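> After the structure tokens below, expect a handful of questions from me.
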Amino acid sequence: MKITLYDHAYETFAIQFLSSTLLKHGFDVEVYFDCSMNMDMDQSLFYVPIFSSSEDRIAEAILKTNPDIVGFSILTAFYPKMSNIIRKLKELKPALVIVGGGPHCNLLPDKVLENHDIDFICIGDADISFPVLLYHLKRHPIDQVKAMLKDALPGISNMLKGSAMHRGMGQAMLDLDPVPFPYKEPYYRKNPSLKSIYTTTASRGCFFTCTYCNSNNLRKLYQESGYKYFRVSSVGRLMKELEFAKKTYNPKHIMFLDNLFGPDKDWLREFVSEYKQKINIPFYCETNPTVHTTQTLDMLADAGCVLLQFGFQSTIEDVRRNTLHRYETNDSIRSLVKHAHTRKIFVLVDHIANLPGETREHLDEAIKFYKEIRPDWVNLAYLQYFPKSEIVDIAVKMGALNEAQAASILNGENLSAWRLLPKLQLSPYYRTLALRLFCAFKLPRLLGDMIIRLLDVKLFSTILSAAIPIFIYASRIGCAYTDKRDFLIRHHVLRNFYVMKVVFKEKYLKNG
């Protein structure tokens, strides 16, 4: 029995950890890594269609791996595209078994099971439930497996005689130390540039209640089943993985893609000591301002953190608290950014625009605030509504969404590129917002103020609007190549060049 797991765009830990787990259990597993640009949510540039593969072509490529079972980790943003791939797979090979997992399946199991091309979905961590499902599929006909009771197949849902057969959440991985190292080889073979940064995670989940994030709803789902959602591996387990990666792949940088890196001071203290001694490679991490202080920033800097990402999302404390359920203060943000600068850490800040109830005054206040604290870069994103997130209800109450738009979110619709504006019907002010922010945090104050004033002139802003996205992308890349700490963007530039090469060969040079 052959299992193929589909992954796309960048490295996905759900697939990497699951594939290594299945290999550990002795299954015949292959990862099909689709690096096509149309599966990268961040991108909406003119050249993306040229370097994107169609769903039909992807399905045909997956079938060339000769799978009996194909697994997908499904994010809401990609559900429509993945549904098309799955539909094509079933058309070409009706006996193929399709298994889904990931946030979209966890939050909307009944909605996903309405897609009759999907045979099973995993609820919760698939580390245990998916191998159990595979053992049964190896020994029994699929109809018999679909009729199994909860005790035989915990964490697996499927349709049975026209109704959803739910068996609850599977056993959660409360101890992360036994989880094998993520399976990287298929990714590095297809895109060798990925080897320059070793990506990993020291934890799973998050303990915050942000209204716009899937993690809050997943946390509730785990808690309802009696499980802790935020879990952290031991420092010893993490060091073993990093020592293996250092020896095997020789990365230039490490990237920790945790939702919250190092919120526990004792864990962080041990990490700093071990990392400096055994790894000593510059690294990136992302965390929340409420769990760190100037003292813990010192610890991160001492360990080798050169690139730190904070999610501020709004500079208005009332908006953060009441709309986003974020409770950091502007004073704490000022202190952290200022201290990070003294420790020579490159500070990235996430800011979400188009929040429900947002006014011109809110955005002007953001410009003023970033002009004051001067982070190294502000990542401007536009609000994405995800299924069952609390901010959907907030937006409906405030009139930012109507009921029909809210309903469409359940199908993965009403989403667009995070960074650019072409699919969003927003006021002209938003089309110049990225440049206004850039003037605030990057340019000398007199020059920045002058350009911001010019952007208030309708003719000037109209002329510049079309060029602003290209300017921001070019400036971001220019910043990365003039500041060695900003290694992540340089990595993405190289990664995209490899993607162009791979997709061009697959799309235009092979099979005509």
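The values are calculated or read from the model by the stated rules, or taken from the named source; none is laboratory data. Keep in mind the model is a prediction, meaning the values are calculated, not measured. Neighbour counts are summed over all protein chains in view; Cβ atoms, including those assigned to glycine, are modelled from backbone coordinates with ideal geometry. Protein only, heavy atoms only, side chains kept; ligands, DNA and RNA dropped before computing areas. Shrake-Rupley method; radii C 1.70, N 1.55, O 1.52, S 1.80 Å.
> If a residue has to be farther than 21 Å from residue 486 by Cβ and either aliphatic (A, V, I, L, M) or not in a strand (DSSP E or B) (or both) to count, how many in the stretch 304-325 make the cut? Reasoning before the result, please.
Our first condition is that a residue be farther than 21 Å from residue 486 by Cβ; within the stretch 304-325, this holds for 313-325.
Still in the list and also either aliphatic (A, V, I, L, M) or not in a strand (DSSP E or B) (or both): 314-325.
Looking only at that region, the number is 12.
> Additional query: Can you tell me which residue within the stretch 274-302, out of those that are part of a strand (DSSP E or B) and modelled with pLDDT under 95, is farthest from the chain's Cα centre (by Cα)? Even if it seems obvious, please write down each step before you answer.
The first filter runs over the stretch 274-302 and keeps only residues part of a strand (DSSP E or B), leaving 283-287.
In the following step, the residues that additionally are modelled with pLDDT under 95 were identified as 286-287.
Values: 286: 12, 287: 14 Å.
Top of the filtered list is 287.
> Follow-up. Pairs only if they're at least six apart or on different chains, beta carbon under 8 angstrom, first in the stretch 51-67 and within 16 Å of residue 502 (Cα to Cα), second surrounded by fewer than 16 Cβ atoms within 10 Å (Cβ to Cβ) and of a type in the set (Phe, Trp, Tyr); list them, first residue then second.
51/504
> Which pairs have Cβ atoms under 7 Å, sit 6 or more apart or on different chains, and link a residue in the stretch 301-321 that is open to solvent by 10 Å² or more (accessible area, probe 1.4 Å) to one that is basic (Lys, Arg) and not in a helix (DSSP H, G or I)?
Listed by first residue and then by second, the contacts come to 301/343; 306/485; 313/326.
Each row is one residue, and each column tells you yes or no for (1) closer than 24 Å to residue 269 by Cβ; (2) at pLDDT 95 or above; (3) among the acidic types (Asp, Glu).
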{"residue": "202", "(1), (2), (3)": "yes, yes, no"}
{"residue": "208", "(1), (2), (3)": "yes, no, no"}
{"residue": "211", "(1), (2), (3)": "no, yes, no"}
{"residue": "217", "(1), (2), (3)": "no, no, no"}
{"residue": "220", "(1), (2), (3)": "no, no, no"}
{"residue": "225", "(1), (2), (3)": "no, no, no"}
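> Can you pull out the residues in the stretch 8-27 that are under 24 Å from the mean Cα position of the chain (by Cα), modelled with pLDDT of 95 or more and either part of a strand (DSSP E or B) or closer than 15 Å to residue 132 by Cβ (or both)?
Of all residues in the stretch 8-27, those under 24 Å from the mean Cα position of the chain (by Cα) come to 8-22.
Filter again for modelled with pLDDT of 95 or more, leaving 15-22.
Of everything in the stretch 8-27, those that are under 24 Å from the mean Cα position of the chain (by Cα), modelled with pLDDT of 95 or more and either part of a strand (DSSP E or B) or closer than 15 Å to residue 132 by Cβ (or both) turn out to be 18, 21, 22.
> Give the residues of the stretch 454-486 that are more than 19 Å from residue 378 (Cα to Cα), assigned to a helix (DSSP H, G or I) and out of contact with any helix residue (DSSP H, G or I) (no Cβ under 9 Å at 6 or more places or on another chain), sorted by residue number.
Selection gives 459, 463.
> Can you list residue pairs whose Cβ atoms sit under 6 Å apart, with the first residue in the stretch 89-110 being farther than 17 Å from residue 133 by Cβ and the second being hydroxyl-bearing (Ser, Thr, Tyr)? Count only pairs 6 or more apart in sequence or on different chains.
Close Cβ pairs (under 6 Å, with a partner that is hydroxyl-bearing (Ser, Thr, Tyr)) amount to 104/76; 104/79.
> Here is a check on your reading of the model: is residue 278 open to solvent by 40 Å² or more (accessible area, probe 1.4 Å) and in contact with a Leu (Cβ under 9 Å, 6 or more places away or on another chain)? If you could, list the steps in order and put the result at the bottom.
Numbers: open to solvent by 40 Å² or more (accessible area, probe 1.4 Å): yes; in contact with a Leu (Cβ under 9 Å, 6 or more places away or on another chain): yes.
When the stated conditions are applied, residue 278 passes them.
> Collect the residues in the stretch 440-453 that are touching a residue at least 12 places away in the same chain (Cβ under 8 Å) and not in a helix (DSSP H, G or I), keeping them in residue-number order. Even if it seems obvious, please write down each step before you answer.
As a first pass, look at the stretch 440-453 and keep what is touching a residue at least 12 places away in the same chain (Cβ under 8 Å): 440-442, 445, 448, 451-452.
Within the stretch 440-453, just 442 meets the criteria.
> Which of the following residues is open to solvent by 20 Å² or more (accessible area, probe 1.4 Å) and in contact (Cβ under 8 Å) with a residue 40 or more places away in the chain: 292, 325?
325
> For residues in the stretch 61-80 being touching a Leu at 6+ places or on another chain (Cβ under 8 Å) and in a loop (DSSP other than H, G, I, E, B), which is surrounded by the most Cβ atoms within 10 Å (Cβ to Cβ)?
If we take residues in the stretch 61-80 being touching a Leu at 6+ places or on another chain (Cβ under 8 Å) and in a loop (DSSP other than H, G, I, E, B), then 67 is surrounded by the most Cβ atoms within 10 Å (Cβ to Cβ).
> Same structure, new question: List pairs: first residue in the stretch 355-382 and farther than 14 Å from residue 338 by Cβ, second residue outside any helix (DSSP H, G or I) and among the charged types (D, E, K, R) anywhere in the structure, Cβ distance under 6 angstrom, at least six positions apart or on different chains.
379/350
> Step by step: first the residues of the stretch 81-103, then only those that are out of contact with any Leu (no Cβ under 8 Å at 6 or more places or on another chain) and open to solvent by 50 Å² or more (accessible area, probe 1.4 Å), then the one that is nearest to residue 221 (Cα to Cα). Which residue is that?
81
> Among the residues of the stretch 151-188, write down those that are open to solvent by 10 Å² or more (accessible area, probe 1.4 Å), among the basic types (Lys, Arg) and either touching a residue at least 12 places away in the same chain (Cβ under 8 Å) or closer than 19 Å to residue 14 by Cα (or both).
Scanning the stretch 151-188 gives no hits.
> A follow-up question, please. Could you say whether any residue in the stretch 106-119 is more than 27 Å from residue 409 (Cα to Cα) and open to solvent by 50 Å² or more (accessible area, probe 1.4 Å)? Can you show your working first?
Here is the first cut: in the stretch 106-119, the residues more than 27 Å from residue 409 (Cα to Cα) are none.
Among the residues of the stretch 106-119, not one is more than 27 Å from residue 409 (Cα to Cα) and open to solvent by 50 Å² or more (accessible area, probe 1.4 Å), which makes the answer no.
> A further question on this structure: Applying the selection to the stretch 234-250, what residues are on the phi < 0 side of the Ramachandran plot, open to solvent by 10 Å² or more (accessible area, probe 1.4 Å) and touching a helix residue (DSSP H, G or I) at 6+ places or on another chain (Cβ under 9 Å)?
Initial filter on the stretch 234-250 (on the phi < 0 side of the Ramachandran plot): 234-249.
Now narrow it down to the ones that are open to solvent by 10 Å² or more (accessible area, probe 1.4 Å): 234, 236-237, 240, 243-244, 246-249.
Of everything in the stretch 234-250, those that are on the phi < 0 side of the Ramachandran plot, open to solvent by 10 Å² or more (accessible area, probe 1.4 Å) and touching a helix residue (DSSP H, G or I) at 6+ places or on another chain (Cβ under 9 Å) turn out to be 234, 236, 243, 246, 249.
> Among the residues of the stretch 28-43, is there at least one that is over 25 Å from residue 496 (Cα atoms) and either modelled with pLDDT of 95 or more or charged (D, E, K, R) (or both)?
To start, the set of residues in the stretch 28-43 that are over 25 Å from residue 496 (Cα atoms) comprises 28-29.
Imposing the further condition that a residue be either modelled with pLDDT of 95 or more or charged (D, E, K, R) (or both) reduces the set to 28-29.
Checked against the condition, which is being over 25 Å from residue 496 (Cα atoms) and either modelled with pLDDT of 95 or more or charged (D, E, K, R) (or both), the stretch 28-43 yields at least one hit.
> Those residues that are among the small types (Gly, Ala, Ser), modelled with pLDDT of 90 or more and open to solvent by 20 Å² or more (accessible area, probe 1.4 Å), I need them from the stretch 417-444; list them, please.
Selection gives 434 alone.
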